[in-house]
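Following: one structure in structure tokens, then a few remarks.
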Amino acid sequence: MSERIRLVVDGKPCELTAEPAMPLLYALRADLALNNPKFGCGLAQCGACTVHVDGRPTRSCVTPVGAVKGKKITTLAGLGTPERPHPLQTAYIGEQVPQCGYCLSGWVMTAAALLRDTPKPSDKQIRQALAGLKCRCGTHMAILRAVKRAAGANA
Amino acid sequence: MTPAPLSRREFLKAGALVISFMMPGTVGGTLGRASATTAGKPPLTPDELDSWIAVLPDGRVTAFFGKMDMGQGVDVAIAQIVADELDVAFDRVVVVMGDSAVTCNQGGASGSTGVQRGGATLRYAAAEARRILLERAAERLSVEMAQLTVRDGVVSVAGDPRRRASYGELINGQHFHHKLEWNKQYGNPLLAKGLAIPKTASEYRIVGTSIPQRIVADKVFGALPYVTDVKVDGMLHARVVRPPTAGCAPVTVDESSIGGIPGARVIREKELVAVVAEREWDAVRAAATLKVTWAQPCTPFPPMETLYDHIRQAKPIGGGLPVNKGDVDATLKTAHRVIEAEYEWPLQSHASMGPACAVADVRADQATLWTGSQKPHYGRNGVAKLVGLPPEKVRAVWVPGPGSYGRNDAGDAALDAALLSKLAGRPVRVQYMRHEGTGWDPKGPAAVYRARAGLDAQGTVVAYDFLGKGFSRQDVATTESDPKDTLAGQLTGYAPKPTVIFQVPAEAYDFANKRCGWECIAPLLDRGSPLRTGHLRDPLGPETHFASESFIDEVAYTAGVDPVAFRLKYVSDPRHVAVITAAAEKAGWTARPYPNPRRGKGNVMTGRGVSYTERNGTIVAVVAEVEVDRRSGRVWAKRFTVAHDCGLIINPKGLELTIEGNVVQAVSRTLFEEVAFDRNRVLSVDWASYPILEIQDAPERIDIVLINRPDVAPSGAGEPSTRTVPAAIANAIFDATGVRLRRVPITPERVRAALARA
Ligand code: FES
Ligand code: FES
């Protein structure tokens, strides 16, 4: 049965009516018209749907919307804006990372959490933290440069 | 005053208007913003200058590009070319691409020809536009054209800069109404020229600089609309229900099984079964819930472990011998020594980052398609045929999709959406699920290669014989312009007609007797096959050159010659020599015995390998350095050095990033990727069952040497380095281990097994 569900998305309180079992991804994309988390697999295998739930990188394609009632959701668009970019977004532009760009939410949201918890990660720590994410275009070299660049900007 | 350039975001906002309001036949939205006036614009034919270039009253320029950018920044390169030819600042140029209503069919993204072919006409058109504007300026200012100079779109008299006129004044809100000479071809071969002679490379200022992609910021802030984000009023969400086993038709569909899902209903046309619903999640659930009984399964596929034997034994349905010099057979008989080897390459999936999506709005007398396909003009033609409309009544609008490296699932989604919209009587959005994106896309063909070489007593190659045999690269055509090449068509009565096409290695080895041939075998299933083959980035390139460049290494080893020196011995074209030499030098390559005598005593063995290829004028050499873990069998392709010559370089940074993407994706295909199947099902249906490279396997370093040839017209860069990588890795593994891996993917299990046998 459908329920009223409240969330705080990118700082704004939102309300929608949905079955609690529906994945958060569909709530964000369809009900709240937020396009930046993407459907890549629906199986928690790629990361394209990643958002922060109370600060934790979470695969919204397998997270029931009913499980995140009242929580703070941050998407790529909420991480930073052209006026107030997150250091990773600045670094991504500087390094010209994305090709198709469909994978971005996974890499950026996961790396943002890494840099928050480990401001100066080693190459190995970066690779470990980003394990499991997919980028079919093969932009991995640029991703590594951008994360290191953003970590440098953290200093 | 300089008008602010139309930013990508404004432009995209204008694009969003198109999505909401525009119907075919009208031109507003994007163009309303980007071109002077649409009233009185001549018809969209390639022989009209207005089909390519618009100059706005405020001096901004729109370039209408009939190819597509798939994320590597081809549109930036086009804007650079146009800006230089017209003498306007780069920021004034907006490139409009992929909308069949406003761009000519230049073939879409295809064979790395974006700049090579697509850029040629834009270059001529921009030069011609400049010539005409200068003609008008000469008249207005009463001087000879030769006395005029142009700076950022302002024409002035040399030595008297107060006598001036801007492009905006000269065009005065009008169109050019000027004819070009067109070669009457569409697609990749399309070429249109005016009287103007384009600039020489030495006159270029913007070409050759690393201008960043404007679109990147929109992607990074989550602001770029993708095809998956297109919403049309009244749109239904659809999911297609694929058969559980290949080639079996639906017998009964129990619509009551989805009765509990709000608004969900079944749409069925012949063998195509789909569900639609108002909400996307309901369509997803309905597709998973719907009860369908299917006809008895057939077993069209051979057991997977016998695939290569099947290829070897199958009767060829076509073949060719494009290289046949001297008498190979006789020379092999008398050769001092004959080397022979076979190589095997599996079926591979595009496995684009997201499964394909398309939105179609098919009405009685017109239709609109929003597609992520890299060939929207052809999608328009396919939709027109499938729904029974003339092509000019169908408009296809390209919107960036979830990655595209050839004929992936986007073409199938486009025609599915169109057919379902026609049947539902409403706009329909189809997005595939992951199992379709990996399991049902057209596959890169599997192939087997046999190579032989004869050496004389001095170790010189006297005969070379190379034969490739496998599936055609075009069971389905390169485009979706005919329903027979799509699943929607094949499931509703269009009989496929595969094209028999393969390839031979592209290199410049001058062997006295040389033969390179190919044979194709029939598809495993004639219709609706999840193993139908199609173009996957550099079609057959990685397959063929994995074999040919691994074999050259084996011959060099047998001849006792350093593999770089060996290649240089047989190549004389100076560009080819320069590329091989540049890669070797940058990698610090010095001749030494191999396999590597100092490969490491512990569990990690190290080695290096070289490879070199050509592709439609672009020459690439790669040196790979690998680590092989003796216990686990894991190969880490740790370092690459790439030397790359694609003629005149338009945008060095964009080119480097494009090459990096090629290298990393090719590492993935070499070490990880293989489509698994049983007798009637594809078993690779997601990222767990079709693993690709992850970041721990990304190289530590990729060094790139760009060789700029200002005097040589630019050739492609989107694919050529892909074909060079696999053999470089295999050759490095041999150097590290003394063991030759001749089957891709080179998985840890295969490495362990090979080491155990050695
Ligand atoms: S879409 Fe959620 S992990 Fe792939
Ligand atoms: S940029 Fe295309 S998948 Fe990462």
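The values are calculated or read from the model by the stated rules, or taken from the named source; none is laboratory data. Note that the structure is a prediction, hence the values are computed from the model and not measured. Here Cβ is always computed from backbone atoms with ideal geometry, including for glycine, and neighbour counts include all displayed protein chains. Ligands, DNA and RNA are excluded from the accessible area calculation, which covers all protein heavy atoms including side chains. Shrake-Rupley method; radii C 1.70, N 1.55, O 1.52, S 1.80 Å.
Under the condition of being in a strand (DSSP E or B) and away from ligand 1 (no atom under 16 Å from the Cβ), the residues counted in segment A:7-25 number 10.
Considering the conditions (1) part of a helix (DSSP H, G or I); (2) farther than 30 Å from B:M68 by Cβ, B:A728 is excluded by exactly one of them, (2).
Output yes when any residue across segment B:672-695 is at pLDDT 95 or above, in a helix (DSSP H, G or I) and closer than 26 Å to B:Y594 by Cβ, and no when none is. Step through it out loud before you land on a result.
From segment B:672-695, those at pLDDT 95 or above are B:672-695; that's our starting set.
The next check asks that each one be in a helix (DSSP H, G or I); those that pass are B:695.
Then drop every residue that is not closer than 26 Å to B:Y594 by Cβ, which leaves none.
Checked segment B:672-695: no residue is at pLDDT 95 or above, in a helix (DSSP H, G or I) and closer than 26 Å to B:Y594 by Cβ.
If I go through segment A:28-51 residue by residue, how many of them are within 14 Å of ligand 1 (Cβ to nearest atom) and either more than 9 Å from chain B (Cβ to nearest Cβ) or of a type in the set (K, R) (or both)? Result for segment A:28-51: 8. Residue pairs whose Cβ atoms lie under 9 Å apart, sitting 6 or more positions apart in sequence or on different chains, and linking a residue in segment A:124-146 that is touching a residue at least 60 places away in the same chain (Cβ under 8 Å) and of a type outside the set (F, W, Y) to a partner that is more than 14 Å from ligand 2 (Cβ to nearest atom) and open to solvent by 10 Å² or more (accessible area, probe 1.4 Å), are A:G132/A:A44. Only helices (runs of 4 or more DSSP H) whose full extent lies in segment A:62-141 are considered here, and the ones with at least 2 residues that are within 23 Å of A:P23 (Cβ to Cβ) are A:76-79, A:104-117.
Applying the set (1) open to solvent by less than 10 Å² (accessible area, probe 1.4 Å); (2) more than 16 Å from ligand 1 (Cβ to nearest atom); (3) part of a loop (DSSP other than H, G, I, E, B) to A:M1 leaves exactly one unmet item: (1). The condition of being away from ligand 2 (no atom under 14 Å from the Cβ) and over 28 Å from A:P13 (Cβ atoms) holds for only one of A:R127, A:R59, A:R84, that being A:R127. Being modelled with pLDDT of 95 or more, open to solvent by 10 Å² or more (accessible area, probe 1.4 Å) and within 14 Å of chain A (Cβ to nearest Cβ) is a description that applies to B:E660.
Scanning segment B:449-472 for residues that are out of contact with any Cys (no Cβ under 9 Å at 6 or more places or on another chain), under 26 Å from B:P539 (Cβ atoms) and open to solvent by 10 Å² or more (accessible area, probe 1.4 Å) yields a count of 2.
Within segment B:404-442, the set of residues being within 11 Å of chain A (Cβ to nearest Cβ) and either surrounded by fewer than 24 Cβ atoms within 10 Å (Cβ to Cβ) or more than 19 Å from B:A688 (Cβ to Cβ) (or both) comprises B:S404, B:Y405, B:N408, B:R429, B:Q431, B:M433, B:R434, B:H435. Residues in segment B:130-188 that are in contact with a Pro (Cβ under 8 Å, 6 or more places away or on another chain) and hydrophobic (A, V, I, L, M, F, W, C): 3 in all. Apart from one condition, A:G138 fits all of (1) outside the structural domain of A:G11 (by TED's automatic domain parsing); (2) out of contact with any Asp or Glu (no Cβ under 9 Å at 6 or more places or on another chain); (3) away from ligand 1 (no atom under 16 Å from the Cβ); the exception is (2).
Does B:A356 qualify as being touching a Phe, Trp or Tyr at 6+ places or on another chain (Cβ under 6 Å), among the small types (G, A, S) and modelled with pLDDT of 95 or more? Yes, satisfied.
Taking segment B:142-208 as the region of interest, the strands (runs of 3 or more DSSP E) fully inside it that hold 1 or more residues being open to solvent by 80 Å² or more (accessible area, probe 1.4 Å) and either at pLDDT below 95 or closer than 25 Å to B:F64 by Cα (or both) are B:148-151, B:160-166.
Applying a threshold of 6 Å to beta carbon distances and a minimum spacing of six or more residues, or different chains, the list of pairs starting in segment B:43-58 at a residue that is touching a residue at least 60 places away in the same chain (Cβ under 8 Å) and ending at one that is assigned to a loop (DSSP other than H, G, I, E, B) and aromatic (F, W, Y) reads B:L49/B:F176; B:D50/B:F176. Contact map, segment B:625-647: residues that are surrounded by 19 or more Cβ atoms within 10 Å (Cβ to Cβ) paired with residues that are hydroxyl-bearing (S, T, Y), Cβ distance under 6 Å, separation 6+ or inter-chain. Pairs shown: B:E627/B:T606; B:V628/B:T737; B:V642/B:S721; B:C646/B:T618; B:C646/B:S715; B:G647/B:S715.
Within segment B:679-694, identify whether any single residue is more than 22 Å from A:C135 (Cβ to Cβ), of a type outside the set (F, W, Y) and surrounded by 24 or more Cβ atoms within 10 Å (Cβ to Cβ), and answer yes or no.
For segment B:679-694, residues more than 22 Å from A:C135 (Cβ to Cβ), of a type outside the set (F, W, Y) and surrounded by 24 or more Cβ atoms within 10 Å (Cβ to Cβ): present.
All conditions but one from (1) polar (S, T, N, Q); (2) open to solvent by 10 Å² or more (accessible area, probe 1.4 Å); (3) closer than 21 Å to B:P496 by Cβ apply to B:S373; the one that does not is (2). Considering segment B:311-327, and only residues there that are open to solvent by 60 Å² or more (accessible area, probe 1.4 Å) and not in a loop (DSSP other than H, G, I, E, B), the residue that is nearest to B:E344 (Cα to Cα) turns out to be B:R312.
Looking only at segment B:373-394, decide whether some residue is of a type outside the set (D, E, K, R) and in a strand (DSSP E or B). Looking for residues that are of a type outside the set (D, E, K, R) and in a strand (DSSP E or B), one finds at least one in segment B:373-394, hence yes. Of all residues in segment B:663-688, those that are small (G, A, S) and more than 10 Å from chain A (Cβ to nearest Cβ) total 2.
Within segment B:685-720, the set of residues being farther than 18 Å from B:A582 by Cβ and more than 16 Å from ligand 1 (Cβ to nearest atom) comprises B:L693, B:Q696, B:D697, B:A698, B:P699, B:E700, B:A713, B:P714, B:G716, B:G718, B:E719. Between A:C14, A:C100, the distinction of being of a type outside the set (D, E), within 16 Å of ligand 2 (Cβ to nearest atom) and open to solvent by less than 50 Å² (accessible area, probe 1.4 Å) belongs to A:C100 only.
Please verify whether B:Q696 is more than 22 Å from B:G437 (Cβ to Cβ) and at the interface with chain A (Cβ under 7 Å from one of its Cβ atoms), treating the condition exactly as stated. When the stated conditions are applied, B:Q696 passes them.
Conditions tested, residue by residue: (1) touching a strand residue (DSSP E or B) at 6+ places or on another chain (Cβ under 7 Å); (2) open to solvent by 10 Å² or more (accessible area, probe 1.4 Å).
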| site | (1), (2) |
| --- | --- |
| A:A33 | no, yes |
| A:T50 | yes, no |
| A:V53 | yes, yes |
| A:P85 | no, yes |
| A:A91 | no, no |
| A:A111 | no, no |
| A:K120 | no, yes |
| A:D123 | no, yes |
| A:L130 | no, no |
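The single residue among A:Q99, A:Q89 that is within 21 Å of B:V220 (Cβ to Cβ), at the interface with chain B (Cβ under 9 Å from one of its Cβ atoms) and over 16 Å from the mean Cα position of the chain (by Cα) turns out to be A:Q99.
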